[in-house]
Amino acid sequence: MKSIYFFLTVCFLSASTIYAQKFENLALTPPMGWNSWNTFECEGVNETVIREMADALVEKGMKDVGYEYIVIDDCWQIGRDENGYIIVDKEKFPSGIKVLADYVHSKGLKFGIYSDAGTMTCARRPGSKGFEYKDAETYAKWGVDYLKYDWCFTEGQDAKSSYKLMRDALYKAGRPIVFSMCEWGENKPWEWAENVGHLWRTTLDIDMNGRYDGNVNGNLFGWSDLVDMQVGLEKYAGPGHWNDPDMLAVGNNDMPINEARAHFSMWAMLAAPLMAGNDLRNMSFSDQEILTNEELIAINQDALGKQGFKIVDLGNFEVWQKPLSNGDMAICLFNREIKNTKYQVNWSQMNIKDFSGAYTIKNLWQNKVIGTTDTNFLIEVPARDVVVFRLTK
Ligand code: GLA
């Protein structure tokens with residue numbers, strides 16, 4: 001009798017632990033791609049938009065510099081069938097999701113989708129609660145490569161167990177899927193989610209209209225405020241597990257070029273996922289140039305996977321550092337004033353971590369080597385703009 005109990009216990013334990021892991025070796029650098037929410041929200045998303053965005057990502061040179069995932073956010077789902085399987089909104093996606101995923105794959109890109117840990121998504125479409133294994137099985141069948149998993153309508157749910165449940169369901173379904181947790185930082189996922197997700201939101205939403213600071217109704221934040229919320233989180237990020245300060249708002253609502261450059265640079269410094277959210281089909285040339293700046297993307301995608309941190313804080317003027325492979329480092333001067341600011345660069349007094357000897361300095365937005373760190377200099381940083389240096393030995 002005893003041995004039967006022992007046998008049953010072993011069976012139970014192995015069944016419950018066998019899937020208790022996330023897919024390893026995914027998102028070894030911060031994910032890059034495009035997501036539908038910031039421009040199309042619920043109303044505007046449909047299969048034509050997604051196809052055209054996949055086309056544009058390739059045509060505008062974004063795929064060539066590393067953008068990879070095309071992610072449908074909320075509003076592709078409409079109900080459940082009698083067996084509990086998710087039903088696609090046929091008005092928006094008449095060809096079905098599998099056909100769309102195949103199309104995205106045919107362009108050499110990867111395909112992402114969205115759901116929610118609660119009973120409903122934030123736009124009140126069906127959530128995955130109680131259907132996690134069925135949904136994960138469906139995603140794997142469709143060829144999904146990335147799942148953004150939201151946190152609306154989760155009253156009474158425990159965040160850790162809800163996200164672990166979907167992680168396990170994805171693992172059981174057997175297709176490697178990047179798990180993008182969108183719990184807005186409410187339960188400090190950076191403290192417990194390293195083995196659950198590949199990235200986790202650290203904040204509420206970025207204002208999709210590209211606002212610089214402040215917030216709308218307490219839940220849509222200007223991007224520069226989101227930067228402040230990342231301070232201190234750097235130790236939790238690394239290959240395969242990233243802090244996510246939300247998607248890019250570059251190109252949304254005519255964000256001024258200086259702010260777009262600063263926003264993109266700070267996301268690069270933060271090793272943040274680079275998920276564009278603008279209409280790629282008709283973006284301005286300057287937005288395209290910003291989003292495809294290879295020097296900045298190299299900072300973001302550096303294999304060391306370190307998140308940048310603030311080393312100087314003068315109120316409205318900050319200096320940030322991001323350690324890079326081979327002892328290189330990125331230094332970003334961020335002027336938050338609405339006027340140009342002069343700053344005395346004094347290399348030995350900027351609290352640069354692990355700074356030793358002389359480095360060559362490249363100004364990345366000017367694409368120009370400007371000297372070495374043997375020389376200090378005065379520099380003017382334009383209003384709400386950045387100067388980013390790459391220091392190389
Ligand atoms: C939440 C998320 C957003 C977006 C919407 C969709 O607000 O934080 O990023 O996915 O839901 O409804």
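Restricting attention to the stretch 214-249 and to residues that are part of a loop (DSSP other than H, G, I, E, B) and over 23 Å from GLN321 (Cβ atoms), the residue that is farthest from the ligand (Cβ to nearest atom) turns out to be GLY214.
Here LEU170 passes the criteria (1) more than 17 Å from MET275 (Cβ to Cβ); (2) crowded, with 20+ Cβ neighbours inside 10 Å; (3) in contact with a Lys or Arg (Cβ under 6 Å, 6 or more places away or on another chain) except the one numbered (3). Of note, GLU82 does not satisfy the criterion of being away from the ligand (no atom under 13 Å from the Cβ), more than 15 Å from VAL144 (Cβ to Cβ), in a helix (DSSP H, G or I) and more than 21 Å from the chain's Cα centre (by Cα). Filtered by the rule that a residue be outside any strand (DSSP E or B), of a type in the set (D, E, K, R) and either closer than 18 Å to ASP158 by Cβ or within 16 Å of the ligand (Cβ to nearest atom) (or both), the stretch 90-133 gives LYS92, ARG124, ARG125, LYS129, GLU132. Only residues that are among the basic types (Lys, Arg) and surrounded by 16 or more Cβ atoms within 10 Å (Cβ to Cβ) were counted in the stretch 149-167, giving 2. Once the stretch 184-212 is narrowed to residues that are acidic (Asp, Glu) and assigned to a loop (DSSP other than H, G, I, E, B), the residue that is farthest from PHE40 (Cα to Cα) is GLU194. Is at least one residue of the stretch 276-286 assigned to a strand (DSSP E or B), aliphatic (A, V, I, L, M) and farther than 19 Å from ASN346 by Cβ? Yes, that holds for at least one residue. Within the stretch 159-185, the only residue that satisfies the criterion of being of a type outside the set (A, V, I, L, M, F, W, C), in contact with a helix residue (DSSP H, G or I) (Cβ under 7 Å, 6 or more places away or on another chain) and within 15 Å of the ligand (Cβ to nearest atom) is GLU183. Residues in the stretch 149-183 that are over 23 Å from GLY108 (Cβ atoms) and assigned to a strand (DSSP E or B): TYR149, ASP150, MET181.
Consider only pairs whose beta carbons are under 6 Å apart and that are at least six residues apart or on different chains; among these, list those whose first residue lies in the stretch 19-38 and is within 16 Å of the ligand (Cβ to nearest atom) and whose second residue is of a type in the set (S, T, N, Q). Partner pairs satisfying both residue conditions: ASN38/ASN252. Scanning the stretch 186-195 for residues that are surrounded by fewer than 22 Cβ atoms within 10 Å (Cβ to Cβ), more than 13 Å from the ligand (Cβ to nearest atom) and either farther than 17 Å from ALA271 by Cα or of a type in the set (A, V, I, L, M) (or both) yields ASN187, LYS188, GLU191, TRP192, ASN195. Taken over the stretch 196-213, the criterion of being within 24 Å of GLU318 (Cα to Cα) and within 13 Å of the ligand (Cβ to nearest atom) is satisfied by ARG201, THR202, THR203, LEU204, ASP205, ILE206, ASP207. Quick check: is even one residue across the stretch 137-148 buried (at least 22 other Cβ atoms within 10 Å of the Cβ), free of Cβ contacts under 8 Å to residues at least 40 places away in the same chain, not charged (D, E, K, R) and not in a strand (DSSP E or B)? Yes, there is a match, as at least one residue in the stretch 137-148 is buried (at least 22 other Cβ atoms within 10 Å of the Cβ), free of Cβ contacts under 8 Å to residues at least 40 places away in the same chain, not charged (D, E, K, R) and not in a strand (DSSP E or B). Scanning the stretch 354-381 for residues that are within 25 Å of ARG261 (Cα to Cα) and assigned to a loop (DSSP other than H, G, I, E, B) gives TYR359, LEU364, TRP365, GLN366, ASN367, THR373, ASN376.
Just so you know, all these numbers are worked out from the coordinates, no wet-lab data involved. Please read all numbers here as calculations on a predicted model, not as lab measurements. Backbone-built Cβ (ideal geometry, glycine too); neighbour counts: all protein chains shown.
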